[in-house]
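J.: Here it is, the structure in full.
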Amino acid sequence: MLPYIVAISGASGVIYAKYLIDFLIRNNSLVYLLISKNAHKIIKEELNFSFLNLKLKNLFYEDYLNWGSPLASGSFKSKGMVIVPCSMSTLACISNGTSNNLIHRRADISLKEKEKLILVPRETPLNLIHLENMLKLSKAGAEILPAMPAFYRRPETIQDLINFITGRILERLGIKHKLYPPYSGAKDVEKNRKKS
Ligand SMILES: Cc1cc2nc3c(=O)[nH]c(=O)nc-3n(C[C@H](O)[C@H](O)[C@H](O)COP(=O)(O)O)c2cc1C
């Protein structure tokens, strides 16, 4: 079974990664996890949690500076890579092909090997450099999936917002989920709201 690769870089919104990994593992997928140095700090700050303490059969943690990792080679195949959240720094490194760490290197491989690469950037406002990097990456084959939850489903909790972004990532990976009902118009949203 080919794995998914999930990388967490140093941007706000690390909770999206937590729920994505949780879903993939419960879905019996294999997951290779990479975490940048700054991401570790933000995980501590935003979640007061450590992914390193997670001991799960299908979850493999790889040091983001380990060039000896199988992930550093295109001969290691995956079902796709998601960088969530994706900092502007990581975005810039991938866009410029400077593989300074294993996250950038694996993203570079994903593009050259035509494997799915989903980037979930989180920054606001965006400057010209951020936008140009995203445009370049989109042209190179990456999917840019900004951490921008929608409000047409009338979210009531933070969990609803997390589910929206996690669900969108899963859909782009081709994985079915029930994190929210399929959208079939404003009337349905009203009906679901009354039910809950
Ligand atoms: C608490 C905190 C929150 C941050 N949030 C963001 C963010 O939302 N987006 C972003 O692009 N950078 C953010 N940064 C800055 C990045 O962490 C910084 O540019 C770092 O060099 C990114 O490196 P990495 O991509 O290798 O993790 C944040 C930094 C800290 C300390």
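The values are calculated or read from the model by the stated rules, or taken from the named source; none is laboratory data. Small disclaimer: the values here were computed from a predicted structure and weren't measured. As a convention, Cβ positions derive from the backbone with ideal geometry for all residues, glycine included, and neighbour counts pool all protein chains shown. Ligands, DNA and RNA are excluded from the accessible area calculation, which covers all protein heavy atoms including side chains. Shrake-Rupley method; radii C 1.70, N 1.55, O 1.52, S 1.80 Å.
J.: Amide H of Phe60: which non-local residues (sequence gap of 5 or more, or other chain) have their own amide H closer than 5 Å, using H built in the peptide plane?
T.: Answer set, sorted by chain and number: Val31, Tyr32, Leu33.
J.: Something else now. Once you put a point 7 Å from the Cα of Ile144 and another 7 Å from the Cα of Leu47, both along the Cβ direction, what distance in nm separates them?
T.: 2.6
J.: In addition: When the accessible area of the chain is computed with all protein chains present and a 1.4 Å probe, what percentage of it is carbon and sulfur?
T.: 54
J.: Hey, another quick one. Once amide H atoms are built 1.01 Å from N in the peptide plane, which residues 5 or more positions from Met81, or in another chain, come under 5 Å H to H?
T.: Ile5, Lys116, Leu117, Ile118
J.: Per DSSP H run of n ≥ 4, the term is -39500 (n - 2.57); total these for the chain, divide by its residue number, and report the mean residue ellipticity at 222 nm rounded to 500 deg cm²/dmol.
T.: -12500 deg cm²/dmol
J.: Let me ask something additional. Arranged from highest to lowest average of other beta-carbon atoms within 10 Å per residue, in what order do the peptides 65-74, 78-87, 162-171, 27-36 appear? Could you put the intermediate results ahead of the total?
T.: Details: 65-74: 14.3, 78-87: 25.0, 162-171: 21.1, 27-36: 19.6.
By packing density, highest mean first, the sequence is 78-87, 162-171, 27-36, 65-74.
J.: Structure shown: which of Lys18/Lys136; Lys77/Lys112; Lys44/Lys79; Lys116/Lys136 lie over 23 Å apart, alpha-carbon to alpha-carbon?
T.: Among Lys18/Lys136; Lys77/Lys112; Lys44/Lys79; Lys116/Lys136, the Cα-Cα distance tops 23 Å for Lys18/Lys136; Lys44/Lys79.
J.: At 7 Å along Cα-to-Cβ for each site, give me the label-to-label distance between Glu156 and Asn96 in nm.
T.: Result: 4.8 nm between the two label points.
J.: What value in Å³ per residue do you get for the convex hull of the alpha-carbon atoms in the chain? Kindly include the intermediate steps, with their values, before the conclusion.
T.: Values: hull volume 25.7 nm³, N = 196.
Per-residue hull volume (Cα only) is 131 Å³.
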